[in-house]
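Taken together, the values in this text are just the output of simple stated rules run on the coordinates, not laboratory data. Model, not experiment: these values are computed from the prediction. Methodologically, a virtual Cβ is constructed for each residue, glycine included, from the backbone with ideal geometry; neighbour enumeration extends over all protein chains shown.
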Amino acid sequence: MLIRLLPLAGLILASQAFADWRLNPETSSVHFLSTKKSHVTEIHHFKSLTGHISDAGEATLNIDLASAETGIPIRNERLQTLLFNLSDYPSAEISLTLDKTQLKQLKKGHSQQLTLEATLTLNGVSKNISAQVIATGLAKQHIQVTSIAPILINAKTFNLAPGVEALREIAKLDAISLSVPVTFNLYYQAN
């Protein structure tokens, strides 16, 4: 369910010279929220991200699902074993094609709001998603792409509801929300 946010991240813009761009995983982040017991919401993130934007405008963001970090080791393990089918689908991928003319207008120190249409592939299911982002041209041929609003990923859409139910049962909780808000902050650098 956390993975839904990822499609936005992949849309990150290759502006300026529209060369090949690589995601900087050390400064980039994808966060997701989980809600249990109806009123307890916690913030989590993925520790391992990769991505690129080709000179043709093809953009991808890959999220290593085994890198989900909840702050509690047993919960991290349960996400891996009960929620994600890591042996068959170890990552979530967001892919999209960027409008090069729109992106070339992004200059150092300038920002642009964009609505990106992407495909999120998670747990073997591919769905179209939409993300509102703000893209900013930075110094030294860097681009920052940040979600303006969370992307809502529903566990049912990606056949993850049984995993959420297994997590609920093992933790002896009344409820875990199937809807997961995802946000991202991505930094790309020209090669």
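Miscellaneous remarks
- Length-normalised contact order for the stretch 70-191 - Cα pairs under 8 Å, 6+ apart - percent: 23
- Simple label model, 7 Å out from Cα along Cβ direction - Asn185 to Ser111, nm: 1.2
- Solvent-free Debye calculation, one equal scatterer per alpha-carbon of the chain: log10 I(q)/I(0) at 0.08, 0.09, 0.13 Å⁻¹ equals -0.25, -0.32, -0.63.
- Cα centroid of the stretch 69-102 to Cα centroid of the stretch 117-146, whole Å: 15
- Angle between the chain longest axis and helix 161-170 axis [Cα atoms, degrees, rounded to 10]: 50
- Pairs of lysines in the stretch 2-190 whose Cα atoms sit within less than 18 Å of one another amount to 8, provided the residues are eight or more positions apart or on different chains.
- Within the chain, helix-based [θ] at 222 nm, where runs of 4 or more DSSP H residues each add -39,500 (n - 2.57), nearest 500: -3500 deg cm²/dmol
- The protection proxy used here, the mean number of other Cβ atoms lying within 10 Å of each residue, ranks peptides 121-134, 151-164 as follows, highest first: 151-164, 121-134.
- Between the beta carbons of Asn85 and Lys172, assuming R0 = 30 Å, the FRET efficiency works out to 0.80 to the nearest 0.05.
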